[in-house]
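This report refers to the structure that appears directly beneath it.
The values are calculated or read from the model by the stated rules, or taken from the named source; none is laboratory data. Note that this is a predicted model, so its numbers are computed, not measured. All Cβ positions, glycine included, derive from the backbone under ideal geometry; neighbour counts span all protein chains shown.
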Amino acid sequence: MINRKVKFTFSTKLIKKPVIYYLGKSFDIITNIRRAEIHDSLGWVVLELEGSEHEIEKGLQWVKDEGVEVDSVQGDIIAG
């Protein structure tokens with residue numbers, strides 16, 4: 001099992017879609033929301049993902065295919 005920190009950025013059309021729910025439900029990944037900010041036109045979420053490297057890679061590819069921008073996060077995500 002590995003841990004990976006990522007930031008998802010959602011466009012207007014994706015803000016109401018339960019992407020994080022489906023990520024955890026469809027792949028063997030534990031999702032932990034660490035920070036988030038959602039507005040009518042844009043939203044972002046910083047997550048810790050736990051699972052096998054293979055499952056996390058598959059899950060992140062699915063998220064990208066859904067249209068979400070995915071970026072790696074380094075450092076202490078609680079401190080900002």
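Brief remarks follow.
- Here is the figure for the stretch 8-26: residues that are under 22 Å from GLY75 (Cβ atoms) and touching a Ser or Thr at 6+ places or on another chain (Cβ under 8 Å) total 1.
- Test: ILE29 is in contact with a Leu (Cβ under 7 Å, 6 or more places away or on another chain) and either of a type in the set (Ser, Thr, Tyr) or farther than 19 Å from GLY75 by Cβ (or both): yes
- LYS58 falls short on exactly one of the conditions (1) of a type outside the set (S, T, N, Q); (2) at pLDDT 95 or above; (3) under 12 Å from the mean Cα position of the chain (by Cα), and that condition is (3).
- Consider the stretch 32-49 and keep the residues that are surrounded by 18 or more Cβ atoms within 10 Å (Cβ to Cβ) and touching a Phe, Trp or Tyr at 6+ places or on another chain (Cβ under 7 Å). The one that is nearest to SER72 (Cα to Cα) is LEU47.
- Strands (runs of 3 or more DSSP E) fully within the chain that include at least 2 residues being free of Cβ contacts under 8 Å to residues at least 12 places away in the same chain and at negative phi: 29-38.
- Within the span defined as the stretch 51-61, every residue fails to be of a type in the set (S, T, N, Q) and touching a Gly at 6+ places or on another chain (Cβ under 9 Å).
- If you filter the stretch 5-30 down to residues that are surrounded by fewer than 14 Cβ atoms within 10 Å (Cβ to Cβ) and of a type in the set (Gly, Ala, Ser), you find that the one that is farthest from VAL46 (Cα to Cα) is SER26.
Conditions (1) closer than 11 Å to LYS7 by Cα; (2) not acidic (Asp, Glu), marked per residue:
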site	(1), (2)
ARG34	yes, yes
VAL45	yes, yes
GLU57	no, no
TRP62	no, yes
GLY75	no, yes
